[in-house]
1. Can you tell me which of 115, 47, 29 is over 15 Å from residue 12 (Cα atoms) and at pLDDT below 90?
2. Going by the conditions given, is residue 74 touching a strand residue (DSSP E or B) at 6+ places or on another chain (Cβ under 7 Å), modelled with pLDDT under 95 and surrounded by fewer than 18 Cβ atoms within 10 Å (Cβ to Cβ)?
3. Among the candidates 95, 21, which residue alone is surrounded by fewer than 18 Cβ atoms within 10 Å (Cβ to Cβ) and either closer than 28 Å to residue 166 by Cβ or out of contact with any strand residue (DSSP E or B) (no Cβ under 7 Å at 6 or more places or on another chain) (or both)?
4. Cβ-Cβ below 6 Å, separation at least six or inter-chain, first residue in the stretch 169-180 and free of Cβ contacts under 8 Å to residues at least 24 places away in the same chain, second part of a loop (DSSP other than H, G, I, E, B): which pairs?
């Protein structure tokens, strides 16, 4: 089983929530806000979260798409006191049009974020070239330093950025290049590098 986690994007989307009771009847809808989103689910900020394992129906929109995203989910995380009140919902069923909208939005935004953050300096761009050429590979730190061919301090600084974004994993002196779980992000980054870092991707979802 692939243990990588979906990339989460900070959002501020209105969402209509309906709790599905044990007899499969939908209760009255409530309106709240989605604070972050991934292809696997959402976090909804609310002072009155549902209990764990409750089934819900969600309706919301993502920028760039006119279709309403409709999904059925299950409450996997719930907190009603202290900071970060709300509930984490894992998607169980998503309609095909909704999958298209979600994937398009997430891929666009995630690729744009990575492209901006991981090309800030010459060292970042050099390491990104090596990264997309070696998805899934594990190499010694010295070998990667040689391939990047940038001042060591600059290399170390940008390597931290790559690790924060989860595209490299550093263990016991070795570096593993970890492809994002979203296939569209991988392809978009590869095309971005091939283009010589022109046409910054992201920020524009499909219509």
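The values are calculated or read from the model by the stated rules, or taken from the named source; none is laboratory data. In this text, all values refer to a predicted model and were calculated from it rather than measured experimentally. A quick note on method: Cβ atoms are made from the backbone with ideal geometry, for glycine too, and the neighbour counts reach across all protein chains shown.
1. 29 is the lone residue from the list that is over 15 Å from residue 12 (Cα atoms) and at pLDDT below 90.
2. On the way: touching a strand residue (DSSP E or B) at 6+ places or on another chain (Cβ under 7 Å): yes; modelled with pLDDT under 95: no; surrounded by fewer than 18 Cβ atoms within 10 Å (Cβ to Cβ): yes.
Here the answer is no, as residue 74 does not meet what is asked.
3. Values: 95 fails: either closer than 28 Å to residue 166 by Cβ or out of contact with any strand residue (DSSP E or B) (no Cβ under 7 Å at 6 or more places or on another chain) (or both).
Matching residue, one of 95, 21: 21.
4. Sorted first by the residue in the stretch 169-180, then by its partner, the pairs are 169/178.
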